[in-house]
Amino acid sequence: MTENCYLGIEFGSTRIKAILIDENFSPVCSASHTWENRFENDLFTYSEEDISNGLKDTFAKLTKEVGEDIKTVKSICISAMMHGFLAFDKDMNLLTPFRTWRNVNTEKAAGILSEKLSFNIPLRWSCAHLFQAVIDNEEYIGKIDFVTTLAGYVHYLLTGEKVLGIGDASGMFPIKSGKYDEERVKIFEDLLSEHGFDKKINDIFPKILHAGVNAGKLTESGAKYLDVSGKLMSGISFAPPEGDAGTGMAATNSVTVNTGNISAGTSVFAMAVLEKPLQKSYPEIDMVTTPAGDDVAMVHCNNCSGEVDTWVNLFADVMNGYGLQPDLSKLYETFFAAAHSGSSNGLMSYGFLSAEPIAAVSDGIEMFIKSPTSTLNLANFSRTILYSAMCTLKIGMDILADEEIDLKKIYGHGGYFKSGGFGAKTAANAFGVPIAVGVSAGEGGAYGAALLAAYLDNNGISLDRFLGENVFAKTNETIYQPTDEGIKDFDDYYGRFIAGLHIIRENN
């Protein structure tokens, strides 16, 4: 059966997920592995063992779900949380633990680069991590032979190819005309040279590939690495590895001009495919690309529904104390459903599990505030938590609105949009734009990765045509419209959220 399927694998912040889709682009089955970043030596990381064991376990679980040995598939695409820093020597030994998108130790480097390059360089971008390591004169710097992202690294393990999809590459360094911006590369190399680092960026960064281009084949060692049973055969073609932003765009059919999507899970980001350049550079807006290379304005926030996980796990602990074994999926559904009838009056939540640059919050801090006259029940509590999840994103989205980016509809995907519609209603009211949620909303980037794998058989058509005409033409979606009452309720909460940020900053 699987020989006619496409496989997408995505390394998210809390789950590694694999999904098989058939030739009609419908999900066949999926499996996942739960993992969590470590905070070691003041940095967020996942170990090489975490990556390896997680990938193997996910594939083994997928095989079990299929009910037969997976010997081959038509093609594969690897996706992962964007940006961060993985540096290797000439023998592909990891020189320092993987530094994820969540780290904010690169403030000095990102500030210098943003000024010198006249381009907003976020703290999590790979070039900021590299420059910060060089500035700090970290002991391994002279040994660096290759720098990539997590998706690029896993792709290398399976194929031996040092390549990256253009969407993910646009989170390593600014892109122009389908490659690393030559003028800015020269400026960057001069800055690096001033600190004794003389490697050329095009020598140590992965080669950029567009969606639809064959990015290598599964090697024998790669097949054994992925499938410990030894049944998987080598020779399977791979699509270019992509970041979760690119696969999110593919999963929601939002790669064409004036389309947008929001991916909401542990972190949240919104993407708007641009018809024309923004009037100026904004520290709240990242400029990246679609998997096909079109310009995208991205608002990225480090925190979203992670706080929901914290509270749901607490409720589960309470139930465990009564000898009950709660169904976590049911707990999440209950939490989201309760918010429909709640009120956030007199309540306020700040769920910054990690630093939040857009909100000028320098370190992780969580705070829940209740006024003496407010009512604390599940409905009010859950609405407050879920409202807060969209507040930081609104800071950047309001900038895009001021730039007159005309988004007729935004596609929502990820766990925040999966349960009961409240997340989609909240986003619609927060941004004043209809939110569309499709049947694949909960599948997220793994589904988008599988679609990019399928796009290898594109027969020369563009990515937007492939998605629009072949994949999503008959897909049902639910549209959540903003309402006057909903907009006012969220805006009231948002105003209090912004006004109270000084409390968080003072306690950082």
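Can residue 454 be described as of a type in the set (Gly, Ala, Ser) and either surrounded by fewer than 20 Cβ atoms within 10 Å (Cβ to Cβ) or under 20 Å from the mean Cα position of the chain (by Cα) (or both)? No: the conditions fail for residue 454.
Only a single item in (1) at pLDDT 90 or above; (2) surrounded by 20 or more Cβ atoms within 10 Å (Cβ to Cβ); (3) within 30 Å of residue 365 (Cα to Cα) is not met by residue 445, and it is number (1). If you go through segment 22-57 and keep only what is closer than 15 Å to residue 2 by Cβ, within 21 Å of the chain's Cα centre (by Cα) and not small (Gly, Ala, Ser), you end up with just 27. In this structure, is residue 32 hydroxyl-bearing (Ser, Thr, Tyr), surrounded by fewer than 18 Cβ atoms within 10 Å (Cβ to Cβ) and either touching a Ser or Thr at 6+ places or on another chain (Cβ under 6 Å) or closer than 20 Å to residue 157 by Cα (or both)? No: the conditions fail for residue 32. On inspection, residue 407 passes the criterion of being assigned by TED's automatic domain parsing to the domain that holds residue 299, in contact (Cβ under 8 Å) with a residue 60 or more places away in the chain and either closer than 18 Å to residue 496 by Cβ or part of a loop (DSSP other than H, G, I, E, B) (or both).
Residue-wise test of (1) within 28 Å of residue 247 (Cβ to Cβ); (2) crowded, with 19+ Cβ neighbours inside 10 Å; (3) modelled with pLDDT under 95.
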| residue | (1), (2), (3) |
| --- | --- |
| 284 | yes, yes, yes |
| 291 | yes, yes, no |
| 304 | yes, yes, yes |
| 355 | yes, yes, yes |
| 360 | no, no, yes |
| 377 | no, no, no |
| 381 | no, yes, no |
| 387 | yes, yes, no |
| 391 | yes, yes, no |
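Scanning segment 115-173 for residues that are on the phi > 0 side of the Ramachandran plot and at pLDDT 95 or above yields a total of 2.
Only strands (runs of 3 or more DSSP E) wholly contained in segment 38-105 count here; list those with 3 or more residues that are touching a strand residue (DSSP E or B) at 6+ places or on another chain (Cβ under 6 Å).
So the answer is 75-80, 86-88.
For segment 182-212, the set of residues classified as in contact (Cβ under 8 Å) with a residue 12 or more places away in the chain and either among the acidic types (Asp, Glu) or loosely packed, with under 13 Cβ neighbours inside 10 Å (or both) consists of 189, 196, listed by residue number. Taken as a whole, the condition of being within 20 Å of residue 401 (Cβ to Cβ), outside the structural domain of residue 368 (by TED's automatic domain parsing), surrounded by fewer than 20 Cβ atoms within 10 Å (Cβ to Cβ) and over 22 Å from the mean Cα position of the chain (by Cα) does not apply to residue 461. Look at (1) in contact with an Asp or Glu (Cβ under 8 Å, 6 or more places away or on another chain); (2) at positive phi and you find that residue 241 fails only one, number (2).
Within segment 334-357, residues that are among the polar types (S, T, N, Q) sit with their Cβ atoms under 8 Å from residues that are buried (at least 24 other Cβ atoms within 10 Å of the Cβ) and in a loop (DSSP other than H, G, I, E, B), at 6+ positions apart or across chains, in these pairs: 354/102; 354/302; 354/303. Please work out if residue 337 is surrounded by fewer than 21 Cβ atoms within 10 Å (Cβ to Cβ), assigned by TED's automatic domain parsing to the domain that holds residue 500, at positive phi and of a type in the set (A, V, I, L, M). Spelling it out, it is not the case that residue 337 is surrounded by fewer than 21 Cβ atoms within 10 Å (Cβ to Cβ), assigned by TED's automatic domain parsing to the domain that holds residue 500, at positive phi and of a type in the set (A, V, I, L, M). Residue-level analysis places residue 111 among those that are farther than 24 Å from residue 444 by Cβ and in the same structural domain as residue 152 (by TED's automatic domain parsing). If you filter segment 400-423 down to residues that are within 18 Å of the chain's Cα centre (by Cα) and hydrophobic (A, V, I, L, M, F, W, C), you find that the one that is nearest to residue 265 (Cα to Cα) is 417.
The set of residues from segment 312-333 being of a type in the set (Phe, Trp, Tyr) and either touching a strand residue (DSSP E or B) at 6+ places or on another chain (Cβ under 9 Å) or free of Cβ contacts under 8 Å to residues at least 24 places away in the same chain (or both) comprises 315, 322. When each of 409, 370 is tested for being among the basic types (Lys, Arg), at pLDDT 95 or above and in contact with a strand residue (DSSP E or B) (Cβ under 8 Å, 6 or more places away or on another chain), the lone residue that passes is 370. Every condition in (1) touching a residue at least 40 places away in the same chain (Cβ under 8 Å); (2) over 25 Å from the mean Cα position of the chain (by Cα); (3) on the phi > 0 side of the Ramachandran plot is met by residue 432 except one, and the failing one is (2). Against the criterion of being aliphatic (A, V, I, L, M) and touching a Ser or Thr at 6+ places or on another chain (Cβ under 6 Å), residue 367 does not qualify. Quick check, is residue 417 crowded, with 24+ Cβ neighbours inside 10 Å, under 22 Å from residue 340 (Cβ atoms), of a type in the set (Phe, Trp, Tyr) and in the same structural domain as residue 297 (by TED's automatic domain parsing)? Yes: the conditions hold for residue 417.
The values are calculated or read from the model by the stated rules, or taken from the named source; none is laboratory data. Everything quoted here is computed from the prediction, not taken from an experiment. Counting neighbours? That spans all protein chains shown, and the Cβs are built from the backbone with ideal geometry, glycine included.
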